[in-house]
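The values are calculated or read from the model by the stated rules, or taken from the named source; none is laboratory data. What you see is a predicted model; the values in this text were computed from it and never measured. Positions of Cβ are generated from backbone atoms using ideal geometry, with glycine treated the same way; all protein chains shown enter the neighbour counts.
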Amino acid sequence: MSSDSAIDVVSVREEEPTTSYRKRKAYSLSKKLEVIEYAKKNSKTAAAKRYVWLDSSGGKCVAEKGSKEVSVLSTGHEKLRVTVMLTGRMDGYKCLPYVLLPRKRPDQAIVEMFKGKLILAWRGTNWMDDDATSYYLTRVLGQSLFGNFRKN
């Protein structure tokens, strides 16, 4: 007679590896070169969107209009969030950075400081909505790609 203690029971979990990780797929060099050639033929530009946080210079003004001294309420921890689009063309040319600022009115000191270095978009928001995207495409990539089409 055999008892249950004589049976060697092996659980399925013990046979699996103890470390759980995903194996990376290994591609051959020819497959990698094929992907690179495909990208060279079919892509014209590449763009990356980055968010930048800067110390905010603005705040809440608590003085009356026309006063000689102005107090600004600030906790000292405010940050100004700016969206920056970096674009490069296939021929290696780096386009000017497109900076989306959360103010509507242009600050002439900032415009003069970064003239010819950055494309500043004073849109009132730092989100890339449809208007900001079309403005980005026409300003950075230019009219040569899109022509002079009109909105109906």
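Observations on the model:
- Entry remark, segment 124-134: residues being under 11 Å from Tyr98 (Cβ atoms) and either free of Cβ contacts under 8 Å to residues at least 24 places away in the same chain or in a loop (DSSP other than H, G, I, E, B) (or both) number 2 in total.
- A count restricted to segment 91-131 and to residues that are in contact with a strand residue (DSSP E or B) (Cβ under 6 Å, 6 or more places away or on another chain), under 14 Å from Arg81 (Cα atoms) and of a type in the set (Val, Ile, Thr) stands at 1.
- For Val84, the test of being among the aliphatic types (A, V, I, L, M) and exposed (fewer than 13 other Cβ atoms within 10 Å of the Cβ) is failed.
- The sole residue among Lys115, Lys65, Lys104, Lys94 that is within 30 Å of Ala39 (Cα to Cα) and either within 25 Å of the chain's Cα centre (by Cα) or modelled with pLDDT of 65 or more (or both) is Lys94.
- Note on segment 79-133: among residues that are aromatic (Phe, Trp, Tyr) and in contact with a Lys or Arg (Cβ under 9 Å, 6 or more places away or on another chain), the one that is farthest from Lys41 (Cα to Cα) is Trp122.
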